[in-house]
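Structure record follows, encoded as structure tokens.
The values are calculated or read from the model by the stated rules, or taken from the named source; none is laboratory data. Everything quoted here is computed from the prediction, not taken from an experiment. Positions of Cβ are backbone-derived with ideal geometry, glycine not excepted, and every protein chain shown enters the neighbour counts. For the accessible areas, the whole protein counts, side chains as well, though only heavy atoms, and no ligand, DNA or RNA atoms are used. Shrake-Rupley method; radii C 1.70, N 1.55, O 1.52, S 1.80 Å.
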Amino acid sequence: LRYDSYDGSRASEDESFNNARRVADHYSARSNQTLEEREASPIIHLKKLNNWIKSVLIQLYAHPKDAVLDIACGKGGDLIKWDKARIGYYVGVDIAEGSIKDCRTRYNGDSDQQQRRKKFGFPARLICADFYEVRLDKYLHDDAPFDICSCQFALHYSWSTEARARQALANVSALLRPGGIFIGTMPDANVIVKRLREAEGLEFGNSVYWICFDEEYSSKKFKSSSPFGIKYKFHLEDAVDCPEWIVPFHVFKSLAQEYDLELVFVKNSHEFVNEYLRRPEFTDLMRRLGALGDGNQDQSTLSQDEWDVAYLYLAFVLRKRGQPNLS
Ligand code: SAM
């Protein structure tokens, strides 16, 4: 395992720097939960459902020996999923130093929870860096090209300014091989804006989450405003409490095209679940994860409020233009 941190030529204390810092501090401060604490979470089934969605994406697109770039890898919650896909190499990047430290602990297998776990079957490198701010192509020159880039529940943090959104896509495009795959999950702007329009004020939610927009972003102004920097405050019980940004998907899709990344599919989480849960191998996986209970009356299952939160997200797959080099 290699471990380092990179801040490129990062400049000043401007607003976008402060926004990125707030997000990083929020995630850094979240401590690792014990298994008991995790099972007692009010959104435990949502967490399991999200793990299922990520596992399905990985199983659909990862191949043995692949080199993987996990953007905003967090505490390394997906390491086991990548191990099951028998990848060959893993690079994880995250802005939150605390999360990168937890990820290292998990990879090394020296946390209590992981003690009995066998070592991961791939070498790894972990980097603390702002993926949406700094150019990483030269820094990661010896690790690239990657077969897969993954950015789970994090790409919306790049949408605070156009420059950051572009840097995120420029990094992905420069680091992926031709024909390589970019998989991800992020909030579904269509659903969030729809919910805002239905709401009486600028805030809406349920027992496990709330979203609140600033006065300046009342829904009627969305059409005329820039598609970047549309900020809201997101609170999800036992998970998130920080600023986030709307990612209008049609803008994301055309910006990605500018960086040679073509859309393969985009699906809201509800559609994703309905489609892939039909496949026996993924039904089995869902049963093992326990997100939807196991059909047994005693087993608790996803609540309506958790299912409503799932609806706020989408999954996407993009492919880097060009033919893979088969030599
Ligand atoms: N991908 C992980 C997962 O699915 O479990 C973590 C998701 S968590 C909701 C969002 C992650 O995005 C946090 O770990 C946060 O530190 C990271 N993040 C936010 N902004 C980032 C940036 N500019 N560069 C790298 N990571 C960032």
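A 1.4 Å probe run over the protein chains yields, for the stretch 134-207, 37 Å² of accessible area per residue, whole-number rounding.
Under a 5 Å amide H cut-off, with hydrogens placed 1.01 Å from N, ASP188 pairs with TYR313, LEU314 among residues at least 5 apart or on other chains.
What distance in nm separates the simple spin-label points at ASN108 and HIS63, each placed 7 Å from Cα in the Cβ direction? For ASN108 paired with HIS63, the spin-label model returns 3.5 nm. When CYS151, CYS212 are compared by accessible area at a 1.4 angstrom probe, the order from most to least is CYS212, CYS151.
The alpha-carbon positions of the chain define a convex hull whose volume is 139 Å³ per residue.
Ligands, DNA and RNA left out, the 1.4 Å accessible surface of the stretch 238-327 is 46% carbon and sulfur atoms. When +1 charges are put on Lys and Arg Cβ atoms and -1 charges on Asp and Glu Cβ atoms, the dipole computed for the stretch 49-153 relative to its Cα centre reaches about 540 debye. Our estimate of slack between GLU281 and ASP7, defined as 0.36 nm per intervening residue step minus the Cα-Cα distance, is 94.5 nm.
Per-atom-type breakdown for the stretch 8-106 gives carbon and sulfur 49% of the accessible area (1.4 Å probe, protein chains only).
When the Gaussian network model of the chain links Cα atoms closer than 10 Å, the mean-square fluctuations of TYR311, TYR217, TYR132 top out at TYR217. The GluC sites (Glu not before Pro) of the stretch 111-203 meeting both criteria, a DSSP state outside H, G, I, E and B (loop) and at most 11 other C-beta atoms within 10 angstrom of the site's C-beta, are GLU200. Once the chain from LEU35 to ILE80 is taken as fully extended at 0.36 nm per residue, the excess over their C-alpha distance is 14.6 nm.
Report, in listed order, any pair from LYS84/LYS267; LYS75/LYS233; LYS54/LYS81; LYS194/LYS233; LYS54/LYS75 with a Cα-Cα distance greater than 18 Å. Too far apart for the 18 Å limit: LYS84/LYS267; LYS75/LYS233.
Assigning unit charges at the beta carbon (Lys, Arg +1; Asp, Glu -1) and nothing else, what dipole magnitude in debye, to the nearest 20, does the stretch 156-304 show about its Cα centre?
Working: 17 positive and 21 negative charges, 96 e Å.
The calculation lands at about 460 debye.
For the stretch 178-285, trypsin sites (Lys or Arg not before Pro) are listed when DSSP marks them as loop and at most 10 other Cβ atoms sit within 10 Å of their Cβ; the list is LYS223, ARG278. Take the stretch 16-108 with all the other protein chains still there, run a 1.4 Å probe, and you get 40 Å² of accessible area per residue. Build a GNM of the chain with springs between Cα atoms under 10 Å apart, and of GLU97, GLU36, GLU258 the one that fluctuates most is GLU36. For the stretch 311-325, the Karplus equation 6.51 cos²θ - 1.76 cosθ + 1.60, evaluated at θ = phi - 60°, returns couplings of 5, 6, 10, 9, 10, 9, 9, 10, 10, 6, 4, x, 9, x, 7 Hz by residue, with Gly and Pro reported as x.
Using only DSSP helix segments of four residues or longer, with each worth -39500 (n - 2.57), what per-residue ellipticity at 222 nm results for the chain after dividing by its residue count and rounding to 500?
Values: 11 runs with 115 residues, N = 327.
Calculated at 222 nm, the ellipticity per residue is -10500 deg cm²/dmol.
Comparing ALA129, ALA20, ALA163 in a Gaussian network model of the chain (Cα springs below 10 Å), the most mobile by mean-square fluctuation is ALA163. For CYS149, the residues whose modelled amide H falls within less than 5 Å of its own, excluding neighbours fewer than 5 places apart on the same chain, are LEU69, ILE181, PHE182, ILE183. Extending 7 Å from the Cα toward the beta-carbon at both SER226 and GLU262 defines two label points whose distance is 3.1 nm. In the full protein context, the stretch 231-327 carries 51 Å² of accessible surface per residue, based on a 1.4 Å probe and ignoring ligands, DNA and RNA. Rounded to the nearest 20, the size of the Cβ-charge dipole of the chain about its Cα centre is 1120 debye, with Lys and Arg at +1 and Asp and Glu at -1. Two tests apply to each whole DSSP H helix in the chain, Cα reach of 15 Å or more along its axis and mean Kyte-Doolittle hydropathy of at least -0.5, and the ones passing both are 44-61, 162-175. Placing unit charges on the Cβ atoms of the charged side chains and taking the dipole of the stretch 74-230 about its Cα centre, the candidate lying farthest along the positive direction among CYS103, ALA189, SER226 is CYS103.
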